[in-house]
Amino acid sequence: MRMSEFFLPTLKEDPSEAQIVSHRFMLRAGMIRQSSAGIYSWLPMGLRVLKKIEGIVRQEQDRAGCQELLMPTIQSADIWRESGRYDDYGKEMLRITDRHDREMLYGPTNEELITEIFRESVRSYKDLPKLLYHIQWKFRDEVRPRFGVMRGREFLMKDSYSFDLDFAGAKQTYNKMFVSYLRTFSRMGLKAIPMAADSGPIGGDMSHEFLILADTGESEVFCHRDILSFDVPGDDVDYRIDQQPVVDKWTSLYAATDEKHNAAREEELGEELVAARGIEVGHIFYFGTKYSKAMNAVVASPDGQEIPVEMGSYGVGVSRLVAGIIEASHDDDGIIWPEPVAPFGAGIINLRAGDALCDTTCEDLYSKLSSAGLDPLYDDRDERAGVKFANMDLIGLPWQVVVGPRGLENGMVEIKSRATGDKQEMTPDAVLNKLMAV
RNA sequence: CGGGGUGUAGCGCAGCCUGGUAGCGCACUUGCUUUGGGAGCAAGGGGUCCCCAGUUCGAAUCUGGGCACCCCGACCA
């Protein structure tokens, strides 16, 4: 992409409404614009990151044997009456009436809908287990939306739903999702810590929150130091094998949010205790037969009895992760994207647009990096050097290739790592080799 | 939902107390000069001063009522 053609409205000054760093940078880097309280448009730069995150989540769901489908944003109130949640959910649920005076709602979650889909189609234990997910926009009419997309009313969420015949199967599915979450967040360059959680309005008794560590996180977390260096299962993870040992390991040491922490246990840990700040980006629940009983989602067991299925649900805040990653990875100058979620693989800065040698060198780098699939962003604008440096630092691409007349006198360009700030002079060919190896 | 605050050019703000028809910085346009970390000079363009009533010869400014947004708290992915 050429920056001269890209729709990238960056801001030099901080918008007054943005309080936290991710919100400020998302506005300044031209990623989002607020539409109304807690509701945002995603501009091209922001959408690229959102799609990258979505892609990683999708890959790890698929790898764990979860199948993607897509449920609507608007649901009928009827199924929520069946589960009993229509009255329980309160004003957070956006209720809508259609032209025939039918009661509808903009879904805050999808347990009812997926249960309805399941019960219409599945009759036998032979069809279990099943693990389904979708990535869809949700709406919760928060009393007080804030912090940009971190705490918006409309948000993109991946939610999975599992159906098993018995508790043993449900537990194994839960473990599978637990491990896939460890992998998902780790692939985004995040340290995620699973913590025992309350099951909230969904109900149930087996539940973990996944919090990523960020200095500016919303809540305080306490954990044993060693959790931070635990290994995350690699690409060779085999989900056909019960992941219980991995779950056992990750839940063996103390970890708790400020709401649930236990001062006595922390005292015992002494030097081993880490107090940090975290942002919740995932939540997994086992809730058994709560919905299957209420909504009559039953299968025939091997002995011919109809039994309600064991269910769980597993959420990842996809749009929230965009902000969460920025909270975890930035400096005073702007965002520092981890490579797997970066909107572009590298930036090319032409310090003297219009200079023949600068132009041809940049064009050559641009076309070669493009065909290598690195998806570069080429700043070909007729702007001053300082503007280009500042903009590139703000939008946080992992690599910056700086091409200027001074270096080219010796046939050299400069490559800078956004994360470390390290700069190296090398030939354009050496830059290509280096970036293609990344 | 309790408490507080703010709505004036794309962004950040001043003007309001003490009424006289709107200004500053950045951004934008044009020209010249500049050119390796958010340039300089000059000339321009852009505003229903959130909305509706009221007071007044006259309202961004005063009064009343709405709406929107933000912050603290309670609540939450």
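Comparison of A:V318, A:V299 shows that the only residue that is modelled with pLDDT of 95 or more and within 13 Å of RNA strand B (Cβ to nearest atom) is A:V318. Looking only at residues in region A:232-255 that are at pLDDT 95 or above and acidic (D, E), which one is surrounded by the most Cβ atoms within 10 Å (Cβ to Cβ)? The extreme case among them is A:D242. Here is a list: A:R406, A:R320, A:R381. Which entry is within 30 Å of A:D159 (Cβ to Cβ) and not hydrophobic (A, V, I, L, M, F, W, C)? It is A:R320.
Looking at this structure, is A:D88 modelled with pLDDT under 95, on the phi < 0 side of the Ramachandran plot and within 14 Å of RNA strand B (Cβ to nearest atom)? When the stated conditions are applied, A:D88 passes them.
Quick one: would you say A:G334 is closer than 16 Å to A:F6 by Cβ and within 15 Å of RNA strand B (Cβ to nearest atom)?
Considered against the rule, which asks whether it is closer than 16 Å to A:F6 by Cβ and within 15 Å of RNA strand B (Cβ to nearest atom), A:G334 comes out as no.
So, of the residues in region A:22-61 that are near RNA strand B (Cβ under 10 Å from one of its atoms), in contact (Cβ under 8 Å) with a residue 12 or more places away in the chain and small (G, A, S), which turns out to be most open to solvent (accessible area, probe 1.4 Å)? Looking at residues that are near RNA strand B (Cβ under 10 Å from one of its atoms), in contact (Cβ under 8 Å) with a residue 12 or more places away in the chain and small (G, A, S), I get A:A37. If you go through region A:151-164 and pick out every residue that is within 7 Å of RNA strand B (Cβ to nearest atom) and more than 30 Å from A:V298 (Cβ to Cβ), you end up with 4. Residues of region A:74-95 that are surrounded by 14 or more Cβ atoms within 10 Å (Cβ to Cβ) and either closer than 13 Å to A:P108 by Cα or not assigned by TED's automatic domain parsing to the domain that holds A:T289 (or both): A:Q75, A:S76, A:A77, A:W80, A:R85, A:Y86, A:Y89, A:M93, A:L94, A:R95. Quick check on my filter: what residues within region A:331-354 are part of a loop (DSSP other than H, G, I, E, B), open to solvent by less than 20 Å² (accessible area, probe 1.4 Å) and among the hydrophobic types (A, V, I, L, M, F, W, C)? The answer is A:W337, A:A342, A:F344.
Here A:Y174, A:Y133, A:Y161 are screened, and the one residue that is in contact with a Cys (Cβ under 7 Å, 6 or more places away or on another chain) and within 19 Å of A:T109 (Cα to Cα) is A:Y133. Restricting attention to region A:109-147, the residues being open to solvent by less than 20 Å² (accessible area, probe 1.4 Å) and either free of Cβ contacts under 8 Å to residues at least 24 places away in the same chain or near RNA strand B (Cβ under 8 Å from one of its atoms) (or both) number 1. Taking first residues from region A:332-346 that are within 11 Å of A:W399 (Cβ to Cβ) and partners that are among the acidic types (D, E), the Cβ contacts under 9 Å between residues at least 6 apart in sequence or on separate chains come to A:A342/A:D375; A:F344/A:D375; A:G345/A:E339; A:G345/A:D375; A:A346/A:D375.
Could you please let me know if A:F118 is touching a Pro at 6+ places or on another chain (Cβ under 8 Å) and among the hydrophobic types (A, V, I, L, M, F, W, C)? Write out each step before concluding.
On the way: touching a Pro at 6+ places or on another chain (Cβ under 8 Å): no; among the hydrophobic types (A, V, I, L, M, F, W, C): yes.
So A:F118 fails the test.
The values are calculated or read from the model by the stated rules, or taken from the named source; none is laboratory data. From a predicted model like this one, the values you see are computed outputs, not experimental measurements. Cβ coordinates were reconstructed from backbone atoms using ideal geometry, including for glycine residues, and neighbour counts include every protein chain displayed. When the accessible area is computed, the model is the full protein with side chains, heavy atoms only, and any ligands, DNA or RNA have been set aside. Shrake-Rupley method; radii C 1.70, N 1.55, O 1.52, S 1.80 Å.
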